[in-house]
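Coordinate-derived values only; no laboratory data. Computed from a predicted model, the values in this text were never measured in an experiment. Here the Cβ positions follow ideal geometry from the backbone for every residue, glycine too, while neighbour counts run over all protein chains shown.
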Amino acid sequence: MNLFEENPGLEKIILPMKDAQVIYYPNFYTQAKAVLLQDKIQQQTPWQEDDIKLFGKVFKQPRLTALYGDSNKPYSYSNITMFPNQWSPTLLGIKQDIEAICDQKFTSVLLNLYRYGTDSNGWHSDNEKELGKHPFIASVSFGAKRSFQFKHKLDKSLKFKLELEHGSLLLMGGPTQEFWKHQIPKTKRKIDPRINLTFRHIKDSFS
């Protein structure tokens, strides 16, 4: 299956990563369209702030989140279970834009709002059982540029990072989640908010 279809109208960067299939579109949306979409998502989303438990202590998750999907099927990660909202026209439009350039269909999207530099997302893989063995993840970013870092699970010398631009799209397929972790680290810099949308296909059966 060809995960990434050719699209000559967009700048496309294939990341030189072993045991991974990652493509980055820095200008998936124009700056004007990205500003419009960011404003709509910011205003329309019922953001929530969940508790997370680390080393026996409970903390507020360092970002706001929301989940949308085709059904009321929950999605769980990091001991948090979320129930999806119904798709908004704005999110459906973004989903269709992504599906138009890759041979995939998505059933859900997880939204993250990073309000300031101390909001973050620690090292993890998108490898929950609901996503299957080799999930395909499409990640759209709006707002402030943030560093996105990769590290290989087996070969500690393999690392990679890029700056996720306003209106950019990152596609991760194949064995990426099996062999790599990724994170959005904290920064002490004063920084504007960033919204990230990660589209996934949640499987009906996990067997």
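Values for this structure:
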quantity	calculated
Translational diffusion coefficient (Stokes-Einstein; Kirkwood radius from C-alpha pairs) of the range 45-131 at 4 °C, 1.567 mPa s, in µm²/s	89 µm²/s
Farthest positive-ward along the chain dipole, Cα basis, beta-carbon charges - from 68, 84, 179	179
Zero-based 10 Å bins, Cα pair distances in the range 13-200, whole percents	9, 37, 41, 12, 1
Residues 141, 76, 120, sorted so that the one with the fewest Cβ neighbours within 10 Å comes first	76, 120, 141
Neighbour-count order for 60, 151, fewest beta carbons within 10 angstrom listed first	60, 151
Length released on extending from residue 76 to residue 178, taking residue separation times 0.36 nm less the Cα-Cα span	34.9 nm
Over 24 Å between alpha carbons, listed pairs 145/188; 33/151; 12/33; 40/129	33/151; 40/129
The chain - percent relative contact order, Cα under 8 Å, separation 6 or more	28 percent
Footprinting exposure proxy for 202, 13 (fewest neighbouring C-beta atoms within 10 Å first)	13, 202
Peptide ranges 172-185, 19-32, 155-168 listed from the most packed, as the mean C-beta count within 10 angstrom indicates	172-185, 19-32, 155-168
